[in-house]
Amino acid sequence: MTDQCPINGERLAADFVRLCETDSPSRQEGKVAALLRDIFAELGAAEIIDDGSAAVTGSDTGNLIIRFPGDPSRDPLFFNCHMDTVEPARGVKVRREGDLFFSSGDTVLGSDDKSGIAAIIEAIRCLRENRSAHRPLEIVLTTCEEIGLLGAKSLDPALLRSRMGYALDSTGFGTVITGAPAANRLNITVRGVAAHAGLHPEWGISAITLAAQAVSSSPHGRVDDLSTINFGTIQGGKATNIVADQVVIRGEIRSHATGRLESLTGQVRDIFARTVSDWRDPRGEARGRPDLTFTVEPDFPVMKLSADDPVLRHVDRAARSIGLKLQYAIAGGGSDANIFNGHGLQTAIIATGMTNVHSTDEQVNLADMVGLTRLLIALATL
């Protein structure tokens, strides 16, 4: 298989550096999308589709779907990466020490997720150069993954011919992610009554005090083996001499069990509602009553694969065919794979070798990207 498709490590490295040094922060993926269109067109892609999702996501490009025809007797397969990177991501300069790649230190590197994209490019190059028989392949490159999986959420699954695939988007190497939690976003507004804090504090109702009571009464952190709750931002108040009349809280609840997710969401909602409704005016002089708005936005569905699923059986066979020992793990975060699995498209996540992601210490090893490329070729040709 891969012995018939020799991988050019230096070519892979050059593609990786070129991708990383083409800035693509979320909603500004247009430059890297244009570069990728040129690369895949040069490689002979049969179709390169912009799905028009920019109108929904606010990006300067849509998601890209690139097709390479293959043996029509085999089921098609897709590989997915996201084109965007977290900030700081402008003016990226790649530093190389041997086979290790870093950023110059002022930005992220962008190996999340350009290490995966570079491996896909090299895999396609190898398959085309050696005229290797392979499955029909679809490459799905999304926008705005880092700010809420917006590209994947806006992608029409009917555009894909493949029914299963692999998202190349996790840290480490030789690891396949088989499960990830579902998540709800919480948008909570606690309203009190403003008053002068020195002259007439008894006329007011402190939204900050009520919000603090509700947050402290709510479960938070890792609440069980399957679930987490986090209150991420709190904003409120206007000045130190004004009783705060409003607090806005943003939070999230995640769980690997959908029923538990809904139960915990209901529990937190009830605590906030009870805190507000149980408020009592200690002096009988408050000029109003507190109020609450509590909205829940489903963020992404649960991802849960079993060992018998075709997508895991296939990657296991492919890895064994090249002598790669895989580890299987459950993740705590969401990715495009959650969205694809929610559409009925079996999707496992494959680690790309990147480490220290979302920081200026991000790095990746060329040997891991070469290993990932070998696995992609095996997946395509097995």
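Read the figures in this text as sums done on the coordinates, not as results from a lab. Keep in mind that what you see is a predicted model, and the values were worked out from it rather than measured. Cβ sites come from the backbone with ideal geometry, for glycine too, and all protein chains shown count toward neighbours.
A few points about this structure:
- Each peptide in 127-134, 184-191 receives the mean, over its residues, of other Cβ atoms within 10 Å, and ordering these scores from highest gives 184-191, 127-134.
- Two-site FRET efficiency, residue 240 against residue 367, from Cβ-Cβ distance with R₀ of 56 Å, rounded to 0.05: 0.50
- Separation of region 159-234 from region 106-152 is 31 Å, based on Cα centroids.
- From most to least packed by mean Cβ count within 10 Å, the peptides 192-202, 333-343 give 333-343, 192-202.
- Electrostatic tally near residue 213: other residues with Cβ closer than 13 Å to its Cβ, Lys and Arg +1, Asp and Glu -1, net +1.
- Most mobile listed residue (112, 38, 84) in the chain, GNM with C-alpha springs under 10 Å: 38
- Per-residue Cβ neighbour counts within 10 Å put 269, 320 in the sequence 320, 269, beginning with the fewest.
- Among 20, 126, 81, the residue with the largest mean-square fluctuation in a Gaussian network model of the chain, with springs joining Cα atoms closer than 10 Å, is 126.
- Each Lys or Arg adds one and each Asp or Glu subtracts one; over the other residues with Cβ under 15 Å from the Cβ of residue 76, this totals +1.
- Of (1) 24.4, 84; (2) 19.4, 56; (3) 20.2, 74, the label for Rg and Dmax of the Cα atoms in Å derived from the coordinates: (1)
- Sequence ranges 85-92, 286-293, ranked by mean other-Cβ count within 10 angstrom, highest first: 85-92, 286-293
- Computed helical MRE - 222 nm, the chain, DSSP H runs ≥ 4 contributing -39500 (n - 2.57), nearest 500: -9500 deg cm²/dmol
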